[in-house]
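First comes the structure, then the notes that go with it.
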Amino acid sequence: AQARIGVTGLAVMGRNLARNLARHGHPVAVHNRTTARTRALVEEFGHEGAFVPAETPEEFVASLERPRRLVIMVKAGAPTDAVIDGFAPLLEPGDMIVDGGNAHFADTRRRERALREIGLHFVGAGISGGEEGALNGPSIMPGGSVESYEALGPLLEDIAATVDGTPCCTHVGPDGAGHFVKMVHNGIEYADMQLIGEAYDLLRNASGLAPAEIAEVFRTWNGGRLESYLIEITAEVLAHTDAATGRPFVDVVLDRAEQKGTGRWTVQTALDLGVPVGGIAEAVFARSVSGHADLRAASRDLPGPVPSRLEDAAAFADDVEKALYASKIVAYAQGFHQIQAGSAEYGWDIDPGAMATIWRGGCIIRARFLDRIRAAYDADPGTPTLLTDAHFAEALGDAQDAWRKVVATSARLGVPAPGFSTALAYYDSLRAERLPAALTQAQRDFFGAHTYRRVDRDGSFHTLWGDDRTEVTA
Ligand code: NBP
């Protein structure tokens with residue numbers, strides 16, 4: 001045995017992760033179903049560190065120190081099961097299989113259970129940051145047993161991104177916890193991108209700014225509390241000119257957003273857990289709407305408001321900054337609510353502040369803002385919502401007039417802003433002393449005898465709507 005850890009699956013992610021390990025001085029065994037990839041890796045990057053190439057699974061397993069640490073980086077779904085089924089019989093009790101792919105957490109739970117029964121540790125590890133992150137330092141969200149983290153943690157923390165000396169990797173919790181958190185991370189990423197898209201769209205269509213001018217606005221924002229990787233790259237994209245046509249690059253890109261599915265999983269899971277994640281859901285639906293070319297073509301001539309432009313672009317940009325910050329707080333609060341609900345449902349005992357900490361580097365949503373979230377959980381680990389944290393509550397209070405103006409302007413001018421609108425509606429729903437849910441309950445009792453509770457007495461009640469409308473105890 002010569003390798004401290006092994007990586008099987010050497011497409012872009014696995015190859016870069018193996019190089020990252022090797023560059024950090026960890027001898028790494030490398031294996032891929034198609035052996036040409038293994039050879040290409042060693043030929044091209046062999047000088048970067050100690051690679052131990054293996055042509056067969058048996059050779060690969062034999063080259064690993066015990067207990068063995070084997071990382072799978074193959075396509076999520078059936079390929080992952082095929083690889084696990086191929087390797088598990090070659091391993092011994094105490095060995096660890098890490099799945100670094102984008103698995104659904106329910107699959108991870110199933111695989112963990114099955115492998116635990118034969119004495120193997122299975123670690124579902126969310127890895128964020130794409131190929132660049134895998135090579136230079138991703139954010140890593142490993143689940144699985146405490147023992148497996150003791151053996152794997154130092155290696156993973158070594159290759160993860162670091163912010164202020166703290167690695168962007170920590171043990172998330174048992175079985176599927178790591179992949180669950182990675183899923184919600186991606187859902188939050190959808191929401192963040194949607195909100196940024198709406199800010200751009202409003203500045204363009206309500207104020208009439210050109211993409212290059214909007215790039216400047218985003219650059220300014222990136223110097224403040226919105227400072228983040230996503231704001232930074234947005235400015236880069238908006239400032240870019242298409243070489244072929246000389247037009248703003250954003251204008252030559254087909255406006256149909258695609259998705260790989262983790263946003264959808266986040267919303268599906270939130271529905272199952274009963275957690276309101278409107279910001280993430282609207283972001284997923286917004287991508288879906290954009291992709292329905294026929295629906296959009298059929299609707300293009302529907303009437304809209306008389307076109308008009310706002311006069312004071314600078315003042316509106318300030319309002320949009322506030323609306324964006326407030327909506328972002330809401331979207332993250334919803335995502336963290338989902339993490340806490342998942343943690344309670346599955347008994348994971350996830351520390352939400354630690355999740356904010358490991359997202360500060362390596363991943364797409366890295367941002368200064370995450371320090372605020374960590375501080376909020378430090379101040380009150382049991383808070384039911386981030387919105388009531390002193391800093392966030394003050395920011396929301398300061399933003400709310402502008403936020404309302406921006407949502408009203410979007411409605412008045414006919415520029416869609418579903419992310420901003422749903423965030424504001426969520427905020428106002430939580431603030432409301434009474435919600436029309438009372439009427440909903442009364443309607444349900446009327447048509448289906450579903451019963452209701454009263455504000456002034458305990459118990460369940462039903463009104464005899466079709467009869468003399470007396471109230472009976474249900
Ligand atoms: P892909 O998702 O494109 O998968 C390609 C790899 O899977 C190749 O090594 C391929 O082997 C292997 N593979 C397949 Br497909 N079926 C197999 C089977 N039945 N048995 C053995 N190996 C099989 O690679 P990727 O883009 O590097 O992503 C790897 C994982 O990381 C995925 O789960 C992905 O969702 C996740 N992820 C990707 C990114 C990203 O930015 N790309 C970011 C974060 C997470 P072959 O060479 O023999 O065909």
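The values are calculated or read from the model by the stated rules, or taken from the named source; none is laboratory data. Note that this is a predicted model, so its numbers are computed, not measured. With ideal geometry, Cβ positions are generated from the backbone for all residues, glycine too; neighbour counts draw on all protein chains shown. We work out accessible area using only protein heavy atoms, side chains counted, and drop any ligands, DNA or RNA first. Shrake-Rupley method; radii C 1.70, N 1.55, O 1.52, S 1.80 Å.
Numbers for the structure displayed
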| item | result |
| --- | --- |
| Alpha carbon convex hull of the chain, volume per residue in cubic angstrom | 200 Å³ |
| Euclidean distance between Cα centres, region 202-267 to region 104-181, Å | 32 Å |
| Helical mean residue ellipticity (222 nm; -39500 (n - 2.57) per DSSP H run of 4+; nearest 500) of the chain | -17500 deg cm²/dmol |
| Karplus 3J(HN,Hα) series, Hz, for region 177-189 with 6.51 cos²θ - 1.76 cosθ + 1.60 (x for Gly, Pro) | 4, x, 6, 5, 5, 4, 4, 5, 3, 5, x, 4, 4 |
| Radius 15 Å from Cβ of ASP371, net charge of other residues (Lys, Arg +1; Asp, Glu -1) | +3 |
| Signed unit charges on C-beta, dipole axis of the chain, positive-most listed residue ALA344, PRO305, ALA408 | PRO305 |
| Per-residue ³J(HN,Hα) for region 363-368, Karplus 6.51 cos²θ - 1.76 cosθ + 1.60, θ = phi - 60°, Hz, x for Gly and Pro | 10, 5, 8, 4, 6, 4 |
| FRET E, pair ARG453, THR245, Förster distance 51 Å, beta-carbon r, rounded to 0.05 | 0.25 |
| Degrees between helix 313-346 axis and first principal axis of the chain (Cα, 0 to 90, nearest 10) | 60 degrees |
| Gained length - THR470 relative to ALA375, 0.36 nm times residue gap less alpha-carbon distance | 28.9 nm |
| 0 to 90° range, to nearest 10: angle between helix 390-413 axis and the chain longest Cα axis | 60 degrees |
| Size of electric dipole in region 1-44: Cβ of Lys, Arg +1 and of Asp, Glu -1, about Cα centre, debye, nearest 20 | 80 debye |
| Full-extension gain in nm, ALA411 to ALA437, via 0.36 nm per residue minus C-alpha separation | 6.9 nm |
| Debye, to nearest 20: dipole size of region 16-78, +1 on Lys, Arg Cβ, -1 on Asp, Glu Cβ | 260 debye |
| Net charge of neighbours whose Cβ lies under 10 Å from the Cβ of LEU238, counting Lys and Arg as +1 and Asp and Glu as -1 | -1 |
| Dipole of the chain [Lys/Arg +1, Asp/Glu -1 at C-beta], most positive-end residue of ALA78, VAL277, GLY224 | ALA78 |
| 0 to 90° range, to nearest 10: angle between helix 418-431 axis and the chain longest Cα axis | 70 degrees |
| Cα gyration tensor category, rounded, prolate or oblate, for region 320-474 with a/c compared to 1.5 | oblate |
| Computed magnitude of the charge dipole of the chain (debye, nearest 20; Cβ of K, R +1, Cβ of D, E -1) | 560 debye |
| GLU258 paired with VAL306, simple spin-label distance in nm, labels 7 Å along Cα-to-beta-carbon | 4.4 nm |
| With at most 15 other Cβ atoms within 10 Å, longest stretch of the chain clear of loop GluC sites (Glu not before Pro) (DSSP) | 66-226 |
| Normalised alpha carbon radius of gyration of region 17-142 [divisor 2.2 N^0.38 Å] | 1.02 |
| Share of carbon and sulfur in the accessible heavy-atom surface of the chain [1.4 Å probe, %] | 52 percent |
| Average accessible area per residue (Å²) across the chain - probe 1.4 Å, nucleic acids and ligands excluded | 46 Å² |
